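Presented below is the structure to which this report refers.
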Amino acid sequence: MSSGRRLAWVLTTFAVALTGVGCGEECVDDFDCRDKGTPPEGQRYACVEQRCELTSIPEADAGTPVDAGTPVDAGTSNDAGTSNDAGTQTDAGTSTDAGTSNDAGTQTDAGTSTDAGTNTDAGTETDAGTNTDAGTETDAGTDAGTDPCSNATYDPKLGTLQLGAGFVAGESAALPDTVGPVGVTPGPTYSLYTVVSQSYVGPHALHSLGTWPQVSLGATPLFDVAAPDDRGPSAMNFLSPFVEADGQYVFTGYTKGGEGFPGSVSIYDSANPDASTYVSAPSNFSVGIVPGALLVNGGGLDTVSAGLAIYALKTDTAPFTALKVGTLPPETGGSGFTAVSTNGVAMLGYYSTTTRSNLGHAVAPAKVSQALRTETPFVVADAPLLDVGSNFVAAAGQGPGVAVLRGDYLPPTYDFVGTDVSRFAFTVTNEGEGVTVSERQPVLTYVDQCTSVTLITSLGTDLLVGVDDKNGTRLVRVQQVQ
């Protein structure tokens, strides 16, 4: 998979997935078709008669903005010789012809004061075509199609992205083009994992990516992300945009088409690979790790089914136990993003049909642990709302806070256009019962679209950022200045 295709795949899976529409309808508008995954090159999904169908993306007609020669057609402004045609205004000898006013040789010898043609020799002041040579100002076709990114200045790590105040770029490592989302184990040694997938059919394989910063794609797959019943030549699996690791287990996921978007969370046991397993999880879109459990943002988990909500899989019990721990508001139209900070605050999100964007709330650690213990769900909307100020399409813990990738999907192609990665710091209060959220703090800002962010994930207390531009795809560690 090329870098461009990998980027498109990652950002398509970042799109709001699993959005509900009317009974019997697949879509209402193009916005509802984004869960179909990455379309073939040159095409996009469009809503046609309440069905998501592939249509061609129209290409820009070369030369339309500045048609070759149109603003200043060659020679049109000052045609050669038009302003001062050779000899027209001051024809040689016309004003004081030799000998006419003063006879030749008496007061003014012929040609002495005004020798024929001396002051203004034919064509000397404005030589034919000298001011505006045909086509000099805007040469035909010169401006058409120039790529501003070809002349941009690129930092070796961050490309054209700009660091916010209080942050520095640490180590960086090249990222193979074939990888998908990336997950990192808790430190102090950071082991990296990724999913490699060539198509919806699969195989969808979990691979090692080495240890940071020695990033290298393992040659041997560790685990098939798709459960046995979901494999085969007719399979259509939409990979969820997450890889999370707690030190023993590595969690990935996928969904399929159909009512409720059935799917699974896939669990690789690094200590005992033969014990790796799958747990039914319809509409799973994002997960987060808290002590002893995995939070799943989706439509159900194992035998627990209560629609779009926050579920938990207790991993400190044998066998694993599933329960509902958080209730999402009525405006929820799709699963959202999940991220957990180092001080235990869980940013839990959903797609809002009211704002038509992703929202996120900061749930205090005591609220999460209480729901795990009592099996009484908390209300997500009761927790403080992050003032993101735009849509966002990814989230990750960053020390005692979370980072989000801000931007939106813009017409006519609805490709993602990023604006920045920003961080919200969390302060836990009232013995873990409360949390306050700081104002947004820019971490990385887009100066242009020449360099893009493909993923964000936690690396201990730091942020690991996937960066892509003409110089390739790489991972960069972004640290906060202490």
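The values are calculated or read from the model by the stated rules, or taken from the named source; none is laboratory data. The structure presented is a predicted model; accordingly, all values stated were derived computationally and were not measured. Neighbour counts are summed over all protein chains in view; Cβ atoms, including those assigned to glycine, are modelled from backbone coordinates with ideal geometry. These area figures cover heavy atoms from the full protein model, side chains too; ligands, DNA and RNA do not enter into them. Shrake-Rupley method; radii C 1.70, N 1.55, O 1.52, S 1.80 Å.
See the values below:
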| item | result |
| --- | --- |
| Bridge type composition, the stretch 256-411 - antiparallel percent by DSSP, nearest 5 | 95 |
| Cβ crowding within 10 Å averaged over residues, with 407-414, 374-381, 439-446 ranked highest first | 439-446, 374-381, 407-414 |
| Computed Kirkwood radius, in angstrom, where 1/r is averaged over Cα pairs of the stretch 384-482 | 14.4 |
| Eligible lysines near K470 by straight Cα distance, threshold 18 Å, same-chain separation 8 or greater | K157 |
| Rh (Kirkwood; distinct C-alpha pairs) - the stretch 322-465, Å | 15.7 |
| Heavy-atom accessible area ranking, 1.4 Å probe, most first, across S208, S266 | S208, S266 |
